[in-house]
Amino acid sequence: MEEEDEDALEERRMRIREKLLLRQQEEAALMPEEEEEEEVEEEEEEEESEYETDSEEETMGIAMVKPVFVPKSERDTIAERERLEAEERALEEAVKKRIDERKRETKEIVIEKIREDQEIQKNMDSEANIADVDTDDDVNEAEEYEAWKAREIARIKRDRDIREAMLKEKEEIEKVRNMTEEERREWERKNPKPSAAPKQKWRFMQKYYHKGAFFQADPDDTGGTTGSSEIYARDFSAPTGEDKMNKTILPKVMQVKHFGRSGRTKWTHLVNEDTTDWNNPWTYNDSLRTKYNQKMAGMNAPIAKPKGSKKLKDWETR
């Protein structure tokens, strides 16, 4: 009985395989390659599942193929493919033609610009040559000579005054050096140094404008071109704009720079802020700091007269 059952199962398997092969041959011409691979996988799965019960074998033996609808817009025919390729070639040719035209236009623009620049430079050179030519040299020769003579006399006089001032200053310095202490005090009393102008007191929270380190006085060279100017006598510490207002009467919260702006800071001025860096070892005294000070030269050495005849003589003559 068992052999008959096995023969029946084997015969049923053969029939299922024949049906699957026949159906596969019929659908091979219609299905794409991807669906064929899926069917082969399904067949392998079905063959593996043939060892289950008879009802399951009959159900899984029938392979149903799902029809796939391809839209008209996605159907790729030979005529459509040729039309698309022709359009693409035409588009590439149009782009290439446009690029060539733009290159030619750019080249023409550059040539025209170079021609214009050359024309402008030529006109400027011609105007400069015309301006450089001075044909009035011999018109007023006597007047030109008199003007030159006046300038030369003024230069000689200026140089003589400078030399005399330098000699006078040297004589004055030598005279002061040869004076005694009493004579020097008397001379300093009669010739006091010019006192500097008193510095103006700055207002509360007044802005500081640095006037720079150069061109703060007239040039030493008499041939300088800057000359005297009233700008050297200006008071750059004078308040301007908002600094003219008395900011001490404002509330404490408003006594800051750039009040109400996004870039304002919480600091007001150095007098009101403690900027001491307490992490610096130089700001506090401890055992390590004391030990370091003891090793510094001149910290604990007694002050006494130096020994030796020459050193003692130099010490006493001071």
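All of the numbers you see were taken from the coordinates with simple rules; none came from a lab. Computed from a predicted structure; not experimentally measured. A quick note on method: Cβ atoms are made from the backbone with ideal geometry, for glycine too, and the neighbour counts reach across all protein chains shown.
Model label points for residue 143 and residue 243, set 7 angstrom from Cα along the Cα-to-Cβ axis, are 5.1 nm apart.
Extension gain for residue 186 to residue 250 (0.36 nm times residue separation, less C-alpha to C-alpha distance): 17.7 nm. On the basis of the beta-carbon distance and an R0 of 35 Å, residue 207 and residue 277 show a calculated FRET efficiency of 0.85.
Counting every other Cβ atom within 10 Å of each residue's Cβ, 256, 68, 176, 271 order from fewest to most as 271, 68, 176, 256. Look at 245, 254 and count the other Cβ atoms within 10 Å of each Cβ; fewest to most, that gives 254, 245. Sorting 148, 202 by the number of Cβ atoms found within 10 Å of their own Cβ, with the fewest placed first, yields 148, 202.
By how many nm would the segment from residue 24 to residue 231 lengthen if fully extended, with 0.36 nm per residue of separation less the alpha-carbon distance?
Difference between extended and current length: 64.0 nm.
Counting only lysines at least 8 places from residue 19 when in the same chain, those with an alpha carbon closer than 26 Å to its own are 66.
Projecting label points 7 angstrom from Cα along Cα→Cβ for residue 65 and residue 80 puts them 2.1 nm apart. Placing dummy labels 7 Å off each Cα toward the beta-carbon, the span from residue 179 to residue 152 is 4.4 nm. In sequence order, the stretch 103-112 has phi-based couplings of 4, 5, 5, 4, 5, 5, 5, 5, 4, 5 Hz under the Karplus curve 6.51 cos²θ - 1.76 cosθ + 1.60, θ = phi - 60°, and Gly or Pro positions carry x.
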